[in-house]
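A short write-up of the structure that comes next.
Readers should treat all values here as calculations from the given coordinates under stated rules, not as data from a laboratory. As the structure is a computational prediction, the values presented were derived from the model and not from experiment. Ideal geometry is used to build each Cβ from the backbone, glycine not excepted, and the neighbour counts take in all protein chains shown.
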Amino acid sequence: MKLLLKVNIVMIAVFLVGLAASYNVADRLLQQNARSEIQDNARIMMESALAVRRYTVSQIKPLLDTQIRYKFLPQTVPSYSATEYFNILRKSFPEYAYKEATLNPTNLRDRAVDWEVDVVNHFRENADAKELVGERESATGRTLYLARPLRILDEKCLECHSSVTAAPQTMLDLYGTANGFGWQLKDVIGAQVVSVPYDLPLKRANEILRNFVYLLVGVFVFLFLTVNIVLGAIVVRPVRKLAEIADQVSKGNMDAPEFPSGGSDEIGTLVASFNRMRRSLVEALNMLQQ
């Protein structure tokens, strides 16, 4: 097997091992970054919902409270405002979702579905739990959800939700008397749930990984060609020429031209040593012939 072929095999083997290791490390890091990005997006959405709720309580509700005697306005309800805000947002970003999933809601659109019930029960069974992050498969693909408990901490909420008799008549006219009652102070009645798709961050991560692999392959090809050219010029070609001259000398052809020596590297030293050995051999043969 020729020297250059051996070097090429070693280079390719080292590259493949390095590529596999780099791919695994880069893929793991990019996946972690994608998950962190998704969680950050979910938390931004959650904070946006909380901001809308606070704005509704501090700015909208005081202006419309007097209207409740004539007409119940759901716009004064923080959960309604936050949900409506995200419903508008979903027209541009349908993969993102926000829901105040409630076990016994006044507005039936907020009723928790099967997996949301499990989330709510998690908070009911774990009083110290402040947040829950998980994954699930949805109609739009793999989704990360972030949930926080909806706990009754303000007695004013019980003015509408403690019992049917305590609730405003205008609210009963709008939503009826079947749902949204029996709430108690400090009870977990539901969960704020934000759902964020994995597709876009993962697609971006895979694209970065693919470009990274292409870059590594490109760098390797460049180095591979460079090493082959350099080795061919300064190692393989001189050694091959030296081997041809040595072969002629070994067959008794003492008139074979000397290999031009030059340089102080290992190849130059080898050439100088070979030429010196050849001259010594010629002198020894001449002495024997005399």
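Structure notes:
- For region 265-276, backbone phi angles converted through the Karplus equation (6.51, -1.76, 1.60; θ = phi - 60°) give residue-by-residue couplings of 7, 4, 5, x, 5, 4, 5, 4, 5, 5, 4, 5 Hz, Gly and Pro being listed as x.
- Farthest toward positive dipole pole in the chain [+1 Lys/Arg, -1 Asp/Glu at C-beta], among 92, 150, 214: 214
- In this structure, the amide hydrogen of residue 187, modeled 1.01 Å from its nitrogen in the peptide plane, lies closer than 5 angstrom to those of 152, counting only residues at least 5 positions away or on a different chain.
- Region 22-198: relative contact order as a whole-number percent, Cα under 8 Å and 6+ apart: 27 percent
- Stokes-Einstein diffusion of region 108-148 at 4 °C, 1.567 mPa s viscosity, Kirkwood radius from Cα pairs, rounded to a whole number: 115 µm²/s.
- In straight-distance terms, cross-link reach from residue 241 covers every one of the aspartates and glutamates whose alpha-carbon lies under 19 Å from its own, apart from those fewer than eight places away in the same chain; here that gives 255, 258, 265, 266.
- What the Cα atoms of region 22-198 give is an Rg and a Dmax of 18.1, 68 Å.
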